[in-house]
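Comments concern the structure below.
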Amino acid sequence: MGSIRKGGEIADTQRKAWRRAVLGVGASLILALAAIPAKAFTPFPVEQGASEHRRISEAALGCAAGPARSCWSVDALDRLEVAIRRPDITWITLKEAAHCDGGDLPGEGAAALAACKAWMFDSLELAVKAADGLVDATGRPVGDARGCAWRVLRPRTALCEVDFHLGRALHAAQDFYSHTNWIDAPVPASEVSLENPQGLGGAGPIPWLASDRSEPPPGLISGCFVFIPERFFCHGRTRHADLNKDHRPSPKESGTAPPPRNAAGGNFPRAFEAAVGETDRFWKRFEARLVAAYGERRGRAMSCRLRGLPPSMCGRGES
């Protein structure tokens, strides 16, 4: 009897030890993930105001950006912001293609950038498919008008599904300009290095993302990100930290010699404006796909619903 009790106590002790070990590993992982710096345009509100993803989307799609009939309501932008931020706060933060990372290695970088482009357009097509449940055959809204945000324990609505995939597409499209050297000011040849790669000096949205070509233009690269610390996981490579323009330069960064990438050559505002233009271009492409897939009447009604506007504001031929 005593041996049985003793055996049970040992088993219980072992279970507690395993439980503590599992909880310890889980806690360490959570802390490690929490410590990962933003892999994209800053996804959370900053001292100066809204998140950069929100600022980009609002500049491209908000009512100050164009006619009331073509803009997004504040509530709809709130919903879209949640969807665009998700890739930075879920396991997708470690997926290269979702952020246009990993485009630095000779012979492999082009494939990584092509994978990012494919991710954008595949996500866009999934959003088009999910849009079928937004309105009925006459263009009238169907189902729950709210986005799902963090509703992980209940079935997603059609609106949530569209937000989910559209957010992934726009996140990658915006990140492209922060993580690549497309808009970066040219670097003097004597200063070019692994940590300070040449900038291509592009202006506005890159033509490549509007083309059918998968092969990126010569010289286009993005930085390596696997996990932190980057110097360990990306040793001998151009890192995400070397190229990113994820946040507005602070006075301290602007006064550093040499300045970080975001503070050099007006790179941050150039990346921001290019991302605004790309967001506008992607949305117009998405609207065109809705009309092509579902006809003008339903397609425009879908667009109107996504933008949070009453159907009366989205008549035939006006979107």
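Values in this text are rule-based calculations from the coordinates and carry no lab data. Computed from a predicted structure; not experimentally measured. Reconstructed Cβ throughout: ideal geometry from the backbone, glycine too, with neighbour counts over all protein chains shown.
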| message | Which of Trp208, Trp182, Trp72 has the fewest other C-beta atoms within 10 Å, and how do the rest follow up to the most? | response | Trp208, Trp72, Trp182
| query | At q = 0.10, 0.14 Å⁻¹, what is the log10 ratio I(q)/I(0) for the stretch 36-313, with the Debye formula run over Cα points and no solvent? | reply | -0.51, -0.96
| request: Kindly write out, for the stretch 254-264 in residue order, the coupling ³J(HN,Hα) from the Karplus curve 6.51 cos²θ - 1.76 cosθ + 1.60 (θ = phi - 60°), rounded to whole Hz, with x marking Gly and Pro. | output: 5, x, 7, 10, x, x, x, 4, 5, 9, 9
| In the neighborhood of Gln174, defined by Cβ-to-Cβ distances under 9 Å, what is the net charge if each Lys or Arg adds +1 and each Asp or Glu adds -1? | -3
| task | Please sort 250-258, 217-225 by packing, taking for each peptide the average over its residues of neighbouring beta carbons within 10 angstrom, highest first. | result | 217-225, 250-258
| query | Which order results if Asp122, Asp88 are arranged by neighbouring Cβ count within 10 Å, fewest first? | reply | Asp122, Asp88
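What FRET efficiency comes out for Phe227 versus Val142 if R0 is 51 angstrom and r is the Cβ-Cβ distance? Round to the nearest 0.05. Before the final figure, lay out the partial values.
Numbers: r = 42 Å, r/R0 = 0.83.
So the FRET efficiency works out to roughly 0.75.
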| note | The number of Lys pairs in the stretch 36-313 whose alpha carbons lie under 23 Å apart, excluding pairs fewer than 8 residues apart on one chain, is 10
